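The values are calculated or read from the model by the stated rules, or taken from the named source; none is laboratory data. Note that the coordinates shown come from a computational prediction; the quantities given were computed from them, not determined experimentally. Positions of Cβ are generated from backbone atoms using ideal geometry, with glycine treated the same way; all protein chains shown enter the neighbour counts. Areas reflect the complete protein model, heavy atoms only, side chains present, ligands, DNA and RNA absent. Shrake-Rupley method; radii C 1.70, N 1.55, O 1.52, S 1.80 Å.
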Amino acid sequence: MAISDFFFMNENEARGLFGSPDAVAANSGQVVFVTLGERGAFTVRGDGVVLRAPALPAAEFDPTGAGDSFCGAALAVLVRGGGLDEALEAGTALAARTIEGLGPSNLLP
């Protein structure tokens, strides 16, 4: 994690690396994103600031790819110069849409 500005994990990975999602920490200048499934997601900045976003309502059909969709949407916002709050919102929105279809089919026009 020391060589990355952004690090993404789910709550099981947070437990494995930090002992619990509540113990997640980031180094100065870095941001850790943690997805919590139906409970949304949060970020921890290196200065200790935590931002949270609730999950959007979704009729789960297939959870495959939800984390990847979250990560891609969040990074797309950050690359365009958006803030962490916007990145969290975009990630949770696309993850919710992803799980409502089979694989990536729900994301295609």
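Structural remarks
- Residue pairs meeting the criteria (Cβ under 6 Å; at least 6 apart or on separate chains; first under 18 Å from Gly72 (Cα atoms), in region 13-41; second open to solvent by 60 Å² or more (accessible area, probe 1.4 Å) and among the acidic types (Asp, Glu)): Gln30/Asp5
- Of the candidates Phe18, Phe70, Phe6, the single residue that is among the aromatic types (Phe, Trp, Tyr) and over 11 Å from the mean Cα position of the chain (by Cα) is Phe18.
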